[in-house]
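Remarks on the structure that follows.
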């Protein structure tokens with residue numbers, strides 16, 4: 001209730017002010033009165049603590065690539081649509097192959113990627129170094145794709161947020177959801193620490209915290225936080241062109257014997273450089289709950305792994321690190337679906353490390369889902385909530 005005793009109402013309430021929640025709110029506002037609730041700041045959680053890669057070739061062949069390509073196409077017009085720069089650059093991407101024993105599975109990986117419609121090629125160490133001069137002379141080779149791109153995740157989230165406001169979205173920061181009111185199997189309202197909002201549609205875009213929100217309607221959601229740590233350097237002259245990953249990163253991400261044994265701390269190289277000159281040097285993948293305490297050995301391992309492949313990084317000063325909690329589902333895909341048995345409760349979460357890459361398509365998919373349209377059925381069907 002407001003001070004005047006009039007109940008607040010909204011056609012939709014979006015929970016979560018990260019890149020997914022702001023994308024969803026922006027798209028829903030075309031047809032609805034939308035309130036977005038964020039318990040901290042816009043982009044202050046996972047979306048503000050990640051790298052800048054829109055890298056398609058790290059995705060598993062098949063549907064994950066199809067979904068990523070659909071989102072990547074939207075990026076090409078997104079700066080014009082959102083009326084601001086998001087530092088979107090189509091500079092391609094590379095996966096470095098450090099060891100001979102990784103070469104065979106990376107050859108198979110590239111073959112499957114090409115069969116899935118992604119343009120990726122295997123190049124030797126000399127070709128890789130011609131493109132990225134700071135690479136080590138000891139690499140076995142690399143993959144390269146022109147379809148990979150990069151974006152500033154904070155600018156992207158803020159751009160969606162501002163565009164949502166222009167479309168009429170009421171964005172409320174430092175507002176925590178404490179309950180969701182359901183009656184006869186359908187959503188009727190949201191309880192916050194600042195009051196009650198009557199609504200028949202709630203979008204759970206709370207990222208790694210989506211499970212806590214789902215519990216409010218009695219739905220068990222297997223989204224858990226997977227911690228990642230990235231080192232941030234001082235501003236330096238241009239060193240890196242586009243995105244760089246390594247084959248060990250693929251092993252850590254996919255946790256499959258097919259890709260090799262995952263390394264300690266889940267460490268694999270992810271390297272990019274911001275427009276302002278800072279290097280983003282990652283990263284790690286660990287299941288530690290929401291623990292932010294970092295073992296110094298972890299930081300040293302990230303640094304030493306990166307220096308092995310890019311020796312010049314040893315001369316760069318690290319000014320800080322950042323910690324993000326990726327929302328992990330276990331199958332490498334997010335959940336975008338209305339919960340069976342709870343009408344009006346929609347989940348848009350579980351993107352893990354692909355939230356930046358998939359944010360543009362996620363907003364469109366949620367808007368299509370709640371409108372009851374069928375034009376994105378082929379993309380929505382594999383993202384349904386798996387129930388026992």
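The values are calculated or read from the model by the stated rules, or taken from the named source; none is laboratory data. All of these numbers come straight from a predicted model, not from anything done at the bench. When we count neighbours, we look across all protein chains shown, and the Cβ atoms used for this are built from the backbone with ideal geometry, even at glycine.
With within 29 Å of residue 200 (Cα to Cα) and surrounded by fewer than 21 Cβ atoms within 10 Å (Cβ to Cβ) as the only criterion, which of 90, 30, 69 stands out?
Residue meeting the stated conditions: 30.
Among the helices (runs of 4 or more DSSP H) lying completely within the stretch 285-388, list those that include at least 2 residues that are in contact (Cβ under 8 Å) with a residue 40 or more places away in the chain, in the same structural domain as residue 210 (by TED's automatic domain parsing) and touching a strand residue (DSSP E or B) at 6+ places or on another chain (Cβ under 8 Å).
355-371
Please work out if residue 192 is within 25 Å of residue 15 (Cα to Cα), surrounded by fewer than 21 Cβ atoms within 10 Å (Cβ to Cβ), over 25 Å from the mean Cα position of the chain (by Cα) and in contact (Cβ under 8 Å) with a residue 60 or more places away in the chain.
Yes.
Checking residue 84 against (1) over 27 Å from residue 246 (Cα atoms); (2) not in a loop (DSSP other than H, G, I, E, B), only one condition comes out false. Which one?
Checking residue 84 against (1) over 27 Å from residue 246 (Cα atoms); (2) not in a loop (DSSP other than H, G, I, E, B), the one that fails is (2).
Can you report the number of residues in the stretch 33-59 which are assigned to a strand (DSSP E or B), at pLDDT 95 or above and crowded, with 24+ Cβ neighbours inside 10 Å?
Counting residues in the stretch 33-59 that are assigned to a strand (DSSP E or B), at pLDDT 95 or above and crowded, with 24+ Cβ neighbours inside 10 Å gives 3.
With the requirement that a residue be out of contact with any strand residue (DSSP E or B) (no Cβ under 7 Å at 6 or more places or on another chain) and either without any contact (Cβ under 8 Å) to a residue 12 or more places away in the chain or part of a loop (DSSP other than H, G, I, E, B) (or both), what does the stretch 101-126 give you?
104, 108, 111, 114, 116, 117, 126
Condition first: on the phi > 0 side of the Ramachandran plot, outside the structural domain of residue 278 (by TED's automatic domain parsing), in contact with a strand residue (DSSP E or B) (Cβ under 9 Å, 6 or more places away or on another chain) and buried (at least 19 other Cβ atoms within 10 Å of the Cβ). Can you find one or more residues in the stretch 204-214 that meet it?
There is at least one residue in the stretch 204-214 that is on the phi > 0 side of the Ramachandran plot, outside the structural domain of residue 278 (by TED's automatic domain parsing), in contact with a strand residue (DSSP E or B) (Cβ under 9 Å, 6 or more places away or on another chain) and buried (at least 19 other Cβ atoms within 10 Å of the Cβ).
In the set 143, 175, 157, which member is touching a residue at least 60 places away in the same chain (Cβ under 8 Å), in a helix (DSSP H, G or I) and buried (at least 17 other Cβ atoms within 10 Å of the Cβ)?
The conditions single out 157.
I'm told residue 231 meets every condition in (1) surrounded by 15 or more Cβ atoms within 10 Å (Cβ to Cβ); (2) modelled with pLDDT under 95 except one. Can you identify the failing condition by its number?
That leaves (2) as the condition not met.
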